[in-house]
Amino acid sequence: MKIKKVTKAVFPVAGMGTRFLPATKSIPKEIMTLVDRPLIQYAIDEARAAGIKDFIFVTSRGKSALEDYFDYSPELETALKRAGKTDLLEILKSTNMDSGAIAYVRQNRAMGLGHAVWCARKLVGDEPFAVLLADDVIAAEKPCLQQMVEAYAETGGNMVAAMEVSPQRISSYGVLDVDQDNGNVVRAKGMVEKPKSEDAPSNLAVIGRYILSPKIMTNLNKMKQGAGGEIQLTDAIAEEAASGQVFGFRFRGQRYDCGSKAGFLQATVAFGLSRPDLAEEFGAYLHDMMALQKAAQ
Ligand code: UTP
């Protein structure tokens, strides 16, 4: 069987981001900055590295800052050129997207991740597609989606990024019911969204990177509301597990949940320390802070 290349990616960015209120009252969560780049830029760069050519954003009211972010900014470019700030000009250019490379569709009501993905069905068509959740930021030597695309070239079907999670935290995730564990790749016989810790079928949690077959759109078409009154992507993927077409992929890298305050702060520290231009000053500051805290105890 010939496995089609993945060239389209869906970025669901229509959520309300309530955990970051009041900031998200006027700023889309995906525009919030990790060091100096918005979360969405990390996801776009990861998708590009994996060979994605078509970028489909599922947006909602109040997200126009996202559309502007990927547009050209002629005034800024001219000003930087005039000032001879070529390094900043290069940084700015790296955010530009070719005309027509990004398409936007609206999700009129936040009815869940599954519903958001379904909104992109006409643009996805009859092809496999990736889904990236920008609030999951993954630091990795080889970008996570690229790792997945390589593994998917062997398996086809549907592939979800998975990581081991403690029993205390498992009920916040979609969880794989593992059929065969082949190391990096596991075949799943089911998938459950946010199970109670005692009902979790494994400790392998699904995080925000997916490669999906167009069949998932068909499944979403007939979806009823799942856990939490939302249309769950997990349920649509789980339908494919019975035929052995769902794979979990243990990616190599560190995932940060930037949809939560604690996760965002952790990512800020990790990414700040990994930046050569900041590591020394920022590291020294953290060191002093720790010493102060210890002294106060
Ligand atoms: P979250 O579960 O993090 O929801 O969605 P949220 O609304 O963004 O944030 P909180 O929980 O209220 O703080 C995961 C991803 O799915 C998208 C979000 O934009 C985010 O990228 N999503 C969620 C949609 O696009 N539409 C929805 O109806 C729900």
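Rundown of residues vs (1) assigned to a helix (DSSP H, G or I); (2) among the polar types (S, T, N, Q); (3) touching a residue at least 40 places away in the same chain (Cβ under 8 Å); (4) under 24 Å from ILE138 (Cβ atoms), yes/no style:
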{"residue": "ILE56", "(1), (2), (3), (4)": "no, no, yes, yes"}
{"residue": "GLY62", "(1), (2), (3), (4)": "no, no, no, no"}
{"residue": "ASP71", "(1), (2), (3), (4)": "no, no, no, no"}
{"residue": "GLU75", "(1), (2), (3), (4)": "yes, no, no, no"}
{"residue": "LEU80", "(1), (2), (3), (4)": "yes, no, no, no"}
{"residue": "GLY100", "(1), (2), (3), (4)": "no, no, no, no"}
{"residue": "ALA116", "(1), (2), (3), (4)": "yes, no, yes, yes"}
{"residue": "LYS122", "(1), (2), (3), (4)": "yes, no, no, no"}
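Taking segment 233-267 as the search range and keeping residues that are small (Gly, Ala, Ser) and closer than 16 Å to VAL175 by Cβ, which one is nearest to the ligand (Cβ to nearest atom)?
As a first pass, look at segment 233-267 and keep what is small (Gly, Ala, Ser): 236, 238, 241-244, 248, 253, 259-260, 262-263, 267.
Narrowing further to those that are closer than 16 Å to VAL175 by Cβ: 236, 238, 241, 248.
Numbers: ALA236: 14, ALA238: 18, ALA241: 21, GLY248: 19 Å.
For segment 233-267, the residue satisfying everything is ALA236.
Do we have ARG48 as surrounded by fewer than 13 Cβ atoms within 10 Å (Cβ to Cβ), out of contact with any helix residue (DSSP H, G or I) (no Cβ under 6 Å at 6 or more places or on another chain) and within 30 Å of ASP126 (Cα to Cα) here?
Numbers: surrounded by fewer than 13 Cβ atoms within 10 Å (Cβ to Cβ): no; out of contact with any helix residue (DSSP H, G or I) (no Cβ under 6 Å at 6 or more places or on another chain): yes; within 30 Å of ASP126 (Cα to Cα): yes.
No.
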- Cβ pairs under 8 Å, 6+ apart or interchain, first in segment 12-30 and free of Cβ contacts under 8 Å to residues at least 40 places away in the same chain, second among the small types (Gly, Ala, Ser) and more than 8 Å from the ligand (Cβ to nearest atom), ordered by first then second residue, are SER26/GLY62; ILE27/ALA65; PRO28/GLY62; PRO28/ALA65
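Tally time: how many residues in segment 73-110 are within 16 Å of the ligand (Cβ to nearest atom) and of a type in the set (S, T, N, Q)? Even if it seems obvious, please write down each step before you answer.
Taking segment 73-110 first, the residues within 16 Å of the ligand (Cβ to nearest atom) are 102-110.
Then drop every residue that is not of a type in the set (S, T, N, Q), which leaves 107-108.
Number satisfying all stated conditions: 2.
Please find, among ILE52, ILE3, the residue that is more than 12 Å from the ligand (Cβ to nearest atom), assigned to a loop (DSSP other than H, G, I, E, B) and under 21 Å from VAL117 (Cα atoms).
Details: ILE3 fails: under 21 Å from VAL117 (Cα atoms).
Result of the check over ILE52, ILE3: ILE52.
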- Item | Matching residues, segment 15-49, being closer than 22 Å to SER213 by Cα and within 12 Å of the ligand (Cβ to nearest atom) | ALA43
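Looking at MET97, MET111, which one is at pLDDT below 95 and either under 23 Å from GLN41 (Cα atoms) or acidic (Asp, Glu) (or both)?
On the way: MET111 fails: either under 23 Å from GLN41 (Cα atoms) or acidic (Asp, Glu) (or both).
Within the list MET97, MET111, the selection yields MET97.
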- Query: Could we say that TYR210 is aromatic (Phe, Trp, Tyr), at pLDDT 95 or above and surrounded by fewer than 18 Cβ atoms within 10 Å (Cβ to Cβ) here?
  - Reply: no
- Item | Tabulated pairs, segment 248-268, first of a type in the set (Gly, Ala, Ser), second outside any helix (DSSP H, G or I) and away from the ligand (no atom under 16 Å from the Cβ), C-beta under 6 angstrom, 6+ apart or interchain | GLY248/ALA162; GLY248/LEU176; GLY248/VAL186; GLY248/ALA188; GLY248/LEU204; GLY253/ALA139; GLY253/ALA140
- Looking at this structure, is THR155 among the polar types (S, T, N, Q), surrounded by 17 or more Cβ atoms within 10 Å (Cβ to Cβ) and away from the ligand (no atom under 14 Å from the Cβ)? yes
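Would you confirm, using the coordinates I've provided, whether SER171 is at pLDDT 90 or above, part of a helix (DSSP H, G or I) and more than 25 Å from ALA50 (Cβ to Cβ)? Before the answer, list the steps.
Values: at pLDDT 90 or above: yes; part of a helix (DSSP H, G or I): yes; more than 25 Å from ALA50 (Cβ to Cβ): yes.
Yes.
The values are calculated or read from the model by the stated rules, or taken from the named source; none is laboratory data. Keep in mind that this is a model prediction, so the values were computed, not measured. We place every Cβ from the backbone using ideal geometry, glycine too, and count neighbours over all the protein chains shown.
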